[in-house]
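The values are calculated or read from the model by the stated rules, or taken from the named source; none is laboratory data. Computed from a predicted structure; not experimentally measured. As a convention, Cβ positions derive from the backbone with ideal geometry for all residues, glycine included, and neighbour counts pool all protein chains shown.
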Amino acid sequence: MTRVVLACQVVVLLLGKAPEAKGEAGVHMADGIKIGEVRQDSAIVWTRLTRNAERNVDGLAFTEERTVVPTGRTLNDMEGSVPGMDGEVRVAYWTQGAKDKRKETAWAAVDSEADFTRQITLSELTVGRTYEVEGRDFRSSNTQPDGPGKTIWDAKQKQWFYDTVKESNATFRILVSPTPLVGPDRQNKNDNYANAGFSYEGAEMRKFLGGRKNIYVICGDRHWQYASADPVTGVREFSTGPSSDTHAQGFSDSMRTPMHRYLRIKGGFLVVTVDRPAGKPAITFQHYGTDGKIYHEEELTAE
């Protein structure tokens, strides 16, 4: 039986095998894997089995004039194509640093009706702690006078966050927020914790975060990349920025402040890795550009 193994940084092994009855030489995962729908204790792993190890780089290219597969050709003849293949997959996973507690899912067939893909749900995960919060459903009006009664998260969600952070024994905690908690943001904005309009609750949140070790904020909805530190509490925030350079806007290098550890008005993405260099836990934040290059990197050792 032929199997292929793919490893990724979250300590997941994805294994695939070809149907023995068909006598296939093996299967591949040219499309890699995707890990999504990440929750406090679960995630979904997606993959697709392929006949070839790489995409077809020598095929007939699509162009502005050629937007459909030409007569007499198939999709597999086109540049970039990766034919799918029947087979089965399973996932082996473990908490980083505890490979002796490895778990495995059962073998599961890919779905030929869904282009030979398969989604596998992992549950009871305990790798660190990530908090994803709701910032729209409970918020007060932006024009409401600032004070103790004005909120973005609502009292119930805030209490849940406070309680679970206090109870967590994870080495690192990450708060994923759609809007900034640290910033700095543009002066004409008035809808998040980095603005004057929500300064009371913003100061409360930063005081709570700053009073705890090894907790960081990732901000999604700013159209520029940055890494910053709150001058009062020391809270660290990392903005992913937009996924394209076209949508990078709203800020400029001339608006840089002492809070900024990094500022780039371009698109890209943020990669976060937790590892144990020299046997001590460390978390690394890497800002990538749309060209795949790393433009900023910080490794922070657990306190």
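How about the stretch 88-116: which of its residues are buried (at least 17 other Cβ atoms within 10 Å of the Cβ) and in contact with a Phe, Trp or Tyr (Cβ under 8 Å, 6 or more places away or on another chain)?
Result: 88, 89, 90, 110.
Looking at the stretch 63-72, can you tell me whether even one residue there is surrounded by 12 or more Cβ atoms within 10 Å (Cβ to Cβ) and outside any loop (DSSP other than H, G, I, E, B)? Steps first, answer last, please.
Initially, the stretch 63-72 is screened for residues surrounded by 12 or more Cβ atoms within 10 Å (Cβ to Cβ), giving 69.
Keeping just the survivors that are outside any loop (DSSP other than H, G, I, E, B) gives none.
Among the residues of the stretch 63-72, not one is surrounded by 12 or more Cβ atoms within 10 Å (Cβ to Cβ) and outside any loop (DSSP other than H, G, I, E, B), which makes the answer no.
For a quick check of your reading of the model, give me the residue pairs whose first member lies in the stretch 137-149 and is closer than 13 Å to residue 202 by Cβ and without any contact (Cβ under 8 Å) to a residue 60 or more places away in the chain, whose second is of a type in the set (Val, Ile, Thr) and not in a loop (DSSP other than H, G, I, E, B), with beta-carbon atoms closer than 9 Å and at least 6 apart or on different chains.
Within 9 Å, no pair qualifies.
Is there any pair with a first residue in the stretch 196-213 that is in the same structural domain as residue 150 (by TED's automatic domain parsing) and a second that is loosely packed, with under 15 Cβ neighbours inside 10 Å and in a helix (DSSP H, G or I) whose Cβ atoms are under 7 Å apart and which are 6 or more apart or on different chains, and what are they?
Matching pairs, first to second residue: 208/162.
Which condition does residue 170 not pass, out of (1) in contact with a His (Cβ under 9 Å, 6 or more places away or on another chain); (2) modelled with pLDDT under 95; (3) surrounded by 15 or more Cβ atoms within 10 Å (Cβ to Cβ), if it passes all the others?
Residue 170 satisfies all of (1) in contact with a His (Cβ under 9 Å, 6 or more places away or on another chain); (2) modelled with pLDDT under 95; (3) surrounded by 15 or more Cβ atoms within 10 Å (Cβ to Cβ) except (1).
Could you tell me which residue of the stretch 150-167 is modelled with the lowest pLDDT, considering only residues that are β-branched (Val, Ile, Thr) and surrounded by 15 or more Cβ atoms within 10 Å (Cβ to Cβ)? If you could, list the steps in order and put the result at the bottom.
Here is the first cut: in the stretch 150-167, the ones β-branched (Val, Ile, Thr) are 151-152, 164-165.
Next, from what is left, pick out any that are surrounded by 15 or more Cβ atoms within 10 Å (Cβ to Cβ): 151-152, 165.
Working: 151: 97, 152: 96, 165: 93.
This residue is 165.
Anything in the stretch 121-158 that is touching a Ser or Thr at 6+ places or on another chain (Cβ under 9 Å) and among the hydrophobic types (A, V, I, L, M, F, W, C)? List them, or say none.
If the condition is that a residue be touching a Ser or Thr at 6+ places or on another chain (Cβ under 9 Å) and among the hydrophobic types (A, V, I, L, M, F, W, C), then 122, 125, 127, 133, 138, 152 are the ones that fit.
Which of the residues belonging to the stretch 108-126 are free of Cβ contacts under 8 Å to residues at least 12 places away in the same chain and either among the hydrophobic types (A, V, I, L, M, F, W, C) or not assigned by TED's automatic domain parsing to the domain that holds residue 45 (or both)?
Passing the criteria: only 114.
Can you name every residue in the stretch 284-294 that is under 16 Å from residue 239 (Cα atoms) and either of a type outside the set (A, V, I, L, M, F, W, C) or modelled with pLDDT under 95 (or both)?
284, 286, 287, 288, 289, 290
Taking residue 193, is it within 25 Å of residue 163 (Cα to Cα) and part of a loop (DSSP other than H, G, I, E, B)?
Yes; evaluated as a whole, the condition is true for this residue.
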